[in-house]
Each structure stands twice: as C-alpha cells, then as structure tokens.
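Engineer: Questions regarding the structure given below will be posed in turn.
The values are calculated or read from the model by the stated rules, or taken from the named source; none is laboratory data. Because the structure is predicted, anything quoted here is derived from the model rather than measured. Note: ideal-geometry Cβ built from the backbone for every residue, glycine included; neighbour counts use all protein chains shown. Areas reflect the complete protein model, heavy atoms only, side chains present, ligands, DNA and RNA absent. Shrake-Rupley method; radii C 1.70, N 1.55, O 1.52, S 1.80 Å.
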Amino acid sequence: MYIVQVASECAPVVKAGGLGDVVFGLSRELENQGHIVDIILPKYDCMRYDHIWGLHEDYNDLWVPWGNSSIHCTVFGGKVHGHNCFFIEPHSNDNFFNRGKYYGDNDDNLRFAFFSRAALEYMCVSNKRPEIIHCHDWQTGLLPVMLFEQYKYRGMDSQRVCYTIHNFKHQGGGSVDILRAIQLNNDGYYLSPDRLKDNSIPNHINFMKGGIVYSNAVNTVSPHHAWEARFGTEGYGLGHSLYVHQDKFGGILNGLDYRIWNPEVDDYISMPYGPDDFELKAYNKKGLRERLWLEEKDRPIIAYVGRLDDQKGVGLVHHALEYALRRSAQFVLLGSATSGQINAQFWQIKHRLNDHPDVHLELGFDEELSHLIYAGADMMVVPSNYEPCGLTQMIALKYGTVPIVRGVGGLVNTVFDYDYDELHPPEERNGFVFHQTDAPALESAMHRALELWYTDRKAFNKLAIQGMRYDYSWKHPVEKYVEVYERIKA
Ligand SMILES: Nc1ncnc2c1ncn2[C@@H]1O[C@H](COP(=O)(O)OP(=O)(O)O[C@H]2O[C@H](CO)[C@@H](O)[C@H](O)[C@H]2O)[C@@H](O)[C@H]1O
C-alpha cells in the first residue's frame, strides 16, 4: 500500500514530544512490512537539519490557494534516516514556519490550516495518489475536510483518511475567517453541528472535530484512552462527536522503535546491556551521575523525562522530587515547560537545589541525555493527569527502569502493578501504579517501589527485567493500522 503521513512532527528531525516518535516509528515499521510511505512536514527553520540527508528542491512551483490569492511554496525532499520526507516552505511575509519554534504563537491555527492545505495541494499537483493519507492531531484536522469538499473534485477521489488523535486537549479552531483562508466559502454549511461547529464555543469551528467527522477512520493511541475519551471527560468536549462516529473510532496502542530505544544498541549510553546482562546497567548509572554531577553512593535514582505541562501532573512531579530526597534517593529531571509560569516555577526549584548532591534538573529538550537517563535511572515517575498512551513508561520498561505511574489512559494498558494487579500473574508484572491525583497516592506507590529497592534488591531487579521482556515494538500496532487501512481503502 502507498501511505502518506501528514504531520507537524517527525522524530528526530522535528520532535516536541511523543507525536514525533510515533510518526517516525510507525512509518519505519510500515516500510519494514513492505508498504511505501512518504512523510509531509512543514519546513521549520529550527528543525534538526543534521538528521536530513540529501535535502533538495523537489517541487519549486507550488502555489497554494489562500484567501483571495495564493502563496508560493517550495517543497524540499530528503531522507530522514532512510525515510522519504517532504518539507513545505512557504514564501510569504507571514513566515509561518520561520519562528524559531514549532508551536506557541497566536496564529498557530492559521499556520497549520495553511500547512494542511499546502500538503493537499502538493499531493494534487505533483500527482501523488496514496491509497491512505494518515493525518495526526489537530494540526491536520482540516485536511480530510478539504480533501472531501474540494480535492475530491480535483482528481483525488479515491484517497482515504485515517486520523489519529494523540491529544484531545489541543483541538485547534477559531472563527470562520479560517474557512475563508482555506476557501471553504459556505459558513452555514460548515458551521453546522454535524460538521465543524465547535461543541461549546458559539460560531467557532473546531479542527479536530472536522478530522473526526470527515475521516474514514479515527483512533486515539491506546484502547483505555479511547474508552475515556468516549465515555469520560478526557475527550475535552468531543465525547458526543465520538459517540456519533463510534463505528469508525477505536484505540490502537502506540509502539516503540526498538532500533532507537534499545539499551543493547543505544549509542547515547555509557554501556550497552539487556535483560541477560542487566548488571551492566550499573555502568550507565555511574555515567549518568558523572554527567550530572550527582554523588556516587548506594542509592536509587528516580527520574522524570517529559514535557512540563498540566497534563503530566507537574505538581506531582515536583512532589516526587521532594519525596525522593526525603527517602534518601536521588532525583533527575529532564523537561521543557509549555508555559511561562511552569517554566519559572521549575527554574526556581533548580536554583534552590543547584548545589544539592542528589538532584539534577535539566530544563530544556535534550534527546541524547534522555537516553542516558532512561538507562541510568532505577525508577521513572509518570504521574500524569491524563495520558493518551505515554511513551516514557514504555521506554523505561525497555531500559529496565521500573515505572511508577498513575493508572490512566495508555498507562493502564502497559504498566501492571507489582502488588495489586489482578489480571497478570506476579511474573508478568512490571511496575507500580497509583490512582488518585494527590500526593499521598503518589507517595504510597513510590514508597512501595523504594521499599523493594532498599530491602530486596534481587526482587527489584527481577521486576525490572520482567519489564524489559515486554514487547512494545511497532510490530503489533502496525498490523492493527494496516487492518484499518485495508478496511477503509477505496
Ligand atoms: N525535555 C525533553 N528532552 C528530551 N526528550 C523529551 C523531553 N520531553 C519529552 N521527551 C521525549 O518525548 C517523548 C514524550 O512522549 P509522551 O508519550 O510523553 O508524549 P507527549 O505527551 O508529548 O505526546 C502525546 O502523544 C504521544 C504519542 O501518541 C502519546 O504517547 C502521549 O500520551 C500524548 O500525550 C518521549 O520520547 C520522551 O523521551
């Protein structure tokens, strides 16, 4: 099958979080299984150009209809670790993708509406006719709308869309001006409740709702989160739309790319190791301590890696740090804040603890360091408020770093409590789970993990090795995506 992925991220060239990992890992495994995949991305000024090989002009004369005129774009082709990517560069004073960052500007909705339009226009005029266009998150929610309302009549009538939602909280939207920009000139039609009308803000369109209504198949990234979004509050107002479209909605658990996330072959860590020579993990703990100036002693290291965002339970992340110190453990944090307030709060903590021999906070994005943390830590905390899938706990498992997670979303589908899991026998359990969003709940799970580390190291290591033996690769999820593609293709 020929599949085009359209997304705002693809690791390692553009990665702000898990979306980038998924777009790359999914594409790579699809190709392994014999499919052809192209990936279309914006050409950001701040991408990791060192991960692109053979960047060249692929299509120089792309004119993308926009408002009353059109914007000239150049499309660049290049290989990202062997995979075909196309980068769209608009030439206009809006400088849509020359902002020194991927997201976070007031006109983000317009920027990605433009990107969706440009991706379709490029496929249309360059004669790319995939069987499946796979769109991701709010940034590309308008693509299926334009495909079925406009491009279907321009020779793209047999393309089908699979739409994957990685985060319901960010839906994209705005006034009907956006419809004008993408030339969907019939406000009454598009603003109807069964099309793009936002479910709560009057006279607003909602990109993600558009994606749900117009795509042929819709999924989120774990079975449990699909249930939460449909029946709980985690759909952030889109629960009703999911109900209306329930026949085409489901959950497919993410995978991990084990060529990137595998301690047996990881170039960024101090010493390779696997479940059969787990004792070598200790060299990575030493390497991590040396790199981050932590004191060398017989203590566990607890880590947090992730965006510092309300979604991730930042209050509990901070609490985990304080509790770890109280229990004489060491704590390492690698995170980038998504708001100025959270950023300031963590810089303050960092300054306060700057000379502490048992703590290191690294505030920013550092892919290489993240590998060493997964390898060197003993435990990883993931106290999320909600978590569609979560990759950090799956990476931690592969690196024999025991996850301590809140039982929500994909965390429920991947981490099974050492003491209390009822569905898995003891030899299949792999972590610690708590349920409430308060500090005592987190402490009780951390306490159980720390007690095991302090009092029965053998049992702790056995648990870590059990986690390493889980297969959360892309192999099985890709089979599920291919089933979906087969079902919807023309
Ligand atoms: N400061 C930093 N430095 C280096 N690396 C960092 C980093 N902060 C995060 N990362 C890395 O980014 C990825 C984050 O994965 P998550 O699953 O937590 O994604 P996120 O919440 O962004 O994405 C959303 O999409 C993904 C993919 O579908 C879902 O798993 C998830 O639940 C959903 O919220 C991991 O690879 C992690 O190591």
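Engineer: Is at least one residue of the range 298-314 closer than 26 Å to H476 by Cβ, at pLDDT 95 or above, among the small types (G, A, S) and not in a loop (DSSP other than H, G, I, E, B)?
Structural biologist: yes
Engineer: When the residues of the range 15-45 are narrowed to those that are within 12 Å of the ligand (Cβ to nearest atom) and in contact with a Leu (Cβ under 7 Å, 6 or more places away or on another chain), which ends up least open to solvent (accessible area, probe 1.4 Å)?
Structural biologist: Residue satisfying both the conditions and the ranking: G25.
Engineer: Considering only the range 237-274, state which residues are open to solvent by 30 Å² or more (accessible area, probe 1.4 Å), over 30 Å from W227 (Cβ atoms) and not small (G, A, S).
Structural biologist: Within the range 237-274, R259, E264, V265, D267, Y268, M271, P272 meet the criteria.
Engineer: Exactly one of (1) open to solvent by less than 40 Å² (accessible area, probe 1.4 Å); (2) under 20 Å from the mean Cα position of the chain (by Cα) is unmet by Y323. Its number?
Structural biologist: Of (1) open to solvent by less than 40 Å² (accessible area, probe 1.4 Å); (2) under 20 Å from the mean Cα position of the chain (by Cα), only one is false for Y323: (2).
Engineer: Then there is this: Return the only residue of K128, K79 being surrounded by fewer than 22 Cβ atoms within 10 Å (Cβ to Cβ), more than 22 Å from K209 (Cα to Cα), more than 16 Å from the ligand (Cβ to nearest atom) and in contact (Cβ under 8 Å) with a residue 60 or more places away in the chain.
Structural biologist: K128
Engineer: Further question on the same structure: When residues of the range 413-464 are filtered for being loosely packed, with under 15 Cβ neighbours inside 10 Å and polar (S, T, N, Q), how many remain?
Structural biologist: Here the count works out to 3.
Engineer: Which ones in the range 330-370 are open to solvent by 40 Å² or more (accessible area, probe 1.4 Å), among the small types (G, A, S) and within 16 Å of the ligand (Cβ to nearest atom)?
Structural biologist: Correct list: S339 only.
Engineer: Condition (residue is out of contact with any Gly (no Cβ under 9 Å at 6 or more places or on another chain), open to solvent by 10 Å² or more (accessible area, probe 1.4 Å) and closer than 18 Å to T392 by Cβ) applied to the range 275-291: is it met by at least one residue?
Structural biologist: No.
Engineer: Here is a further query. Can you pull out every residue in the range 294-315 that is more than 18 Å from Q436 (Cα to Cα), open to solvent by less than 10 Å² (accessible area, probe 1.4 Å) and touching a residue at least 60 places away in the same chain (Cβ under 8 Å)?
Structural biologist: Within the range 294-315, P300, I301, I302, A303, Y304 qualify.
Engineer: Right, something else. In the range 232-260, what residues are among the small types (G, A, S) and in contact with a Ser or Thr (Cβ under 6 Å, 6 or more places away or on another chain)?
Structural biologist: G237, G251, G255
Engineer: I404: among the β-branched types (V, I, T), closer than 18 Å to P272 by Cα and in contact with a helix residue (DSSP H, G or I) (Cβ under 6 Å, 6 or more places away or on another chain), yes or no?
Structural biologist: The answer is no for I404.
Engineer: Only residues that are surrounded by fewer than 21 Cβ atoms within 10 Å (Cβ to Cβ), in contact (Cβ under 8 Å) with a residue 24 or more places away in the chain and over 18 Å from the mean Cα position of the chain (by Cα): list them for the range 214-235, please.
Structural biologist: N216, W227, listed by residue number.
Engineer: Then there is this: Please work out which residue is surrounded by the fewest Cβ atoms within 10 Å (Cβ to Cβ), limiting yourself to the range 82-96 and to residues that are more than 19 Å from V13 (Cα to Cα) and out of contact with any His (no Cβ under 7 Å at 6 or more places or on another chain).
Structural biologist: N93
Engineer: So how many residues does the range 2-14 have that are within 16 Å of the ligand (Cβ to nearest atom), over 18 Å from E367 (Cα atoms) and assigned to a strand (DSSP E or B)?
Structural biologist: Adding up the residues that qualify gives 2.
Engineer: Cβ-Cβ under 9 Å, sequence separation 6+ or interchain: first residue in the range 194-211 and modelled with pLDDT of 95 or more and in a loop (DSSP other than H, G, I, E, B), partner basic (K, R) and surrounded by fewer than 24 Cβ atoms within 10 Å (Cβ to Cβ). Which pairs?
Structural biologist: So the pair list comes out as H204/K197.
Engineer: Just to be sure before I move on: is L397 open to solvent by less than 10 Å² (accessible area, probe 1.4 Å), without any contact (Cβ under 8 Å) to a residue 60 or more places away in the chain, among the aliphatic types (A, V, I, L, M) and more than 9 Å from the ligand (Cβ to nearest atom) in the structure I sent?
Structural biologist: So L397 fails the test.
Engineer: Any idea which residue in the range 140-177 is least open to solvent (accessible area, probe 1.4 Å), counting only those that are within 16 Å of the ligand (Cβ to nearest atom) and among the small types (G, A, S)?
Structural biologist: Looking at the filtered set, the residue picked out is G141.
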